[in-house]
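Peer 1: For reference, the structure I am asking about is given below.
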Amino acid sequence: MKLSDGIYLIEGENHGRYPFCNCIFIKNGRCLLDSGAGESISSLNPEVIINSHWHEDHIPKNCIAKRVLAHELDANAIENFEEFKRRYGIGDFVKIFVNFEFCKVSETFGDGDILEFGVDIETIHTPGHSLGHCCFLIDGEILYLGDIDLTSFGPWYGCLDCNVDDFVTSIRKVRKIVEKGVEIAVPSHGPAVFGKEKILSSLDRYLEKIFEREERIKELGFKNSDFRKLGFEESLVGRGIIYKKLPEPKEVYGHFEKVMIEKHLERLGHR
Ligand SMILES: [Zn+2]
């Protein structure tokens, strides 16, 4: 879908649902934002791929480009399986997420850098979902949101480098940028959102999920302080706080839910 002159939304297979993601292609700069849309992106023949973050659904075809760019805090996990595995924190289970080759990151960037690839791409460091997660503002108009993905599921923070406070701050940071006049927002896993007011209300709804989860945890009244030693049942896993129904394999998704609940408890001062 054409978003603007020479700028295209490349919808991921299965409407960009995991394990695919939506990408943006900038024709003049032969530049692709993320590489998880599926087989179709090979025919775009991109020279540069810029990653929003290190997760497997955003980096699987990085090798098709000559240059790969990423934020300095995520580069290591993008190019190195051992660091990828460490951040997931699920041991060898991590292999179920990896069916691609890891490729070198050729250049890194920080926050607020302007990358010039036929258009100006401003990097917006938005940690929370990952340490080096970034959104990208193209020519001040089109915002690629990465995994601030505006889904009804809400924010995901099940890895070791995720942080709930940072996620909240990042959503608010993006909100301020949208307020200045962004009219097109492209999340990695859902339909593009058009119109400033609609983008703002989608961000608000998305942020609200974090506080709803927190309320639910408070309602259930958690007391024990040695959280890590607890089994799923006692640590409120499987009660619909994060996942309405735990996906398979339950060891893995139960672990993610436990990590996410634990991060809330840290925030609530229970540990
Ligand atoms: Zn992700």
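Peer 1: Given the conditions (1) within 15 Å of the ligand (Cβ to nearest atom); (2) buried (at least 16 other Cβ atoms within 10 Å of the Cβ), and given that Ile184 satisfies all but one, which numbered condition is not satisfied?
Peer 2: Condition not satisfied by Ile184: (1).
Peer 1: Which one of the conditions (1) surrounded by fewer than 20 Cβ atoms within 10 Å (Cβ to Cβ); (2) within 16 Å of the ligand (Cβ to nearest atom); (3) closer than 23 Å to Leu32 by Cα does Asp113 fail to meet, given that it meets all the rest?
Peer 2: Condition not satisfied by Asp113: (2).
Peer 1: Within segment 219-271, can you find the residues that are of a type in the set (Ser, Thr, Tyr) and either surrounded by 11 or more Cβ atoms within 10 Å (Cβ to Cβ) or in the same structural domain as Cys159 (by TED's automatic domain parsing) (or both)?
Peer 2: Ser235, Tyr243, Tyr253
Peer 1: Just checking, which of Ser40, Ser35, Ser52 is modelled with pLDDT under 95 and of a type in the set (S, T, N, Q)?
Peer 2: Answer to the selection: Ser40.
Peer 1: Does any residue of segment 151-160 turn out to be away from the ligand (no atom under 16 Å from the Cβ) and touching a strand residue (DSSP E or B) at 6+ places or on another chain (Cβ under 6 Å)?
Peer 2: Within segment 151-160, not a single residue is away from the ligand (no atom under 16 Å from the Cβ) and touching a strand residue (DSSP E or B) at 6+ places or on another chain (Cβ under 6 Å).
Peer 1: Restricting attention to segment 57-102, report how many residues are of a type in the set (Asp, Glu) and buried (at least 18 other Cβ atoms within 10 Å of the Cβ).
Peer 2: Adding up the residues that qualify gives 3.
Peer 1: How many residues does segment 99-126 hold that are in contact with a helix residue (DSSP H, G or I) (Cβ under 7 Å, 6 or more places away or on another chain) and among the β-branched types (Val, Ile, Thr)?
Peer 2: Residues that pass the stated criteria total 4.
Peer 1: Among residues belonging to segment 155-181 that are in contact (Cβ under 8 Å) with a residue 60 or more places away in the chain and buried (at least 18 other Cβ atoms within 10 Å of the Cβ), point out the one that is nearest to Tyr253 (Cα to Cα).
Peer 2: The extreme case among them is Gly158.
The values are calculated or read from the model by the stated rules, or taken from the named source; none is laboratory data. Note that the structure is predicted; figures quoted are calculated from it, not measured. A quick note on method: Cβ atoms are made from the backbone with ideal geometry, for glycine too, and the neighbour counts reach across all protein chains shown.
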